[in-house]
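The values are calculated or read from the model by the stated rules, or taken from the named source; none is laboratory data. Here the structure is a predicted model, which is why all the values come from computation and not from measurement. Glycine gets a Cβ as well: all are built from the backbone with ideal geometry, and neighbour counts include every protein chain shown.
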Amino acid sequence: MSRLWPFAVALYSAPGVREFCLELQDEHDVDVPVLLAVVWLHGEGFSLDRTDLAGLCTVSMPWQTQVVGPLRNARRALRDTSRPGRALGIESGARQSLKADLQALELRAERLQLEALEGGSANWLKKGAAPPLDVLLAALAPRVEPRRWHLLVAAGDACRHAGRERPSRRAEG
């Protein structure tokens, strides 16, 4: 069972993180699943450097550009009622239903990407000392003001801490 997925969901849900991630995605072309994976991997004690970041981005790029990106673009095209479907007379409810289906597929594709990054990274990353997380993250989008990365660092720490405090299913009985 994936440990990265629940962490990524909790991190993305933390105050301010969703908005920051969407800004990074839309304005700086950051692959958000890679970003979330880096926060998790760093917290798990993996020794990441800029070469490792480039490797994560390289292996994820085809999935992002050929699968996740087209799903996202199709979903976003349906946000505006003046776009596709209206001229054909497709009802708003049908367009919204399709948009919801596309959003679910996009989320599923991102989950598959995160699970693959979790499984694959353990095979080639080593545990050990790593640069500070905010320094690593800044390498993903150098034009972002360095102090802004502290939001993800703090939220990641909080999610990791909250995850440790939750009783395991075995302990619950």
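Structural remarks
- Assessment of segment 75-93 against the conditions (part of a helix (DSSP H, G or I), at pLDDT 95 or above and in contact with a helix residue (DSSP H, G or I) (Cβ under 9 Å, 6 or more places away or on another chain)) yields no matching residue.
- L35 within 12 Å of the chain's Cα centre (by Cα), under 22 Å from P131 (Cα atoms) and either assigned to a helix (DSSP H, G or I) or modelled with pLDDT under 90 (or both): yes
- Meets criteria (touching a helix residue (DSSP H, G or I) at 6+ places or on another chain (Cβ under 7 Å), at pLDDT below 90 and charged (D, E, K, R)) for R143: no
- Tally, over segment 59-70, of residues that are of a type outside the set (A, V, I, L, M) and within 15 Å of the chain's Cα centre (by Cα): 5
- Flag if D101 is farther than 20 Å from L11 by Cα, of a type in the set (D, E) and at pLDDT below 90: no
Quick grid of which residues meet (1) polar (S, T, N, Q); (2) surrounded by fewer than 16 Cβ atoms within 10 Å (Cβ to Cβ); (3) farther than 22 Å from A14 by Cβ:
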residue: L112; (1), (2), (3): no, yes, yes
residue: E118; (1), (2), (3): no, no, no
residue: N123; (1), (2), (3): yes, yes, yes
residue: K127; (1), (2), (3): no, yes, yes
residue: P131; (1), (2), (3): no, yes, yes
residue: A141; (1), (2), (3): no, no, no
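- Answer residue from segment 116-143, given it is assigned to a loop (DSSP other than H, G, I, E, B) and in contact with a Leu (Cβ under 7 Å, 6 or more places away or on another chain) and is farthest from W63 (Cα to Cα) among those: A130
- For segment 140-152, a residue qualifies if it is under 16 Å from the mean Cα position of the chain (by Cα) and touching a residue at least 60 places away in the same chain (Cβ under 8 Å), and the qualifying residues are L140, A141, L151, L152.
- Residues that are buried (at least 17 other Cβ atoms within 10 Å of the Cβ), more than 15 Å from L114 (Cα to Cα) and not aliphatic (A, V, I, L, M) within segment 45-65 comprise F46, D52, listed in sequence order.
- Residues of segment 1-21 satisfying the condition of being more than 16 Å from A154 (Cβ to Cβ), without any contact (Cβ under 8 Å) to a residue 12 or more places away in the chain and surrounded by 12 or more Cβ atoms within 10 Å (Cβ to Cβ): V9
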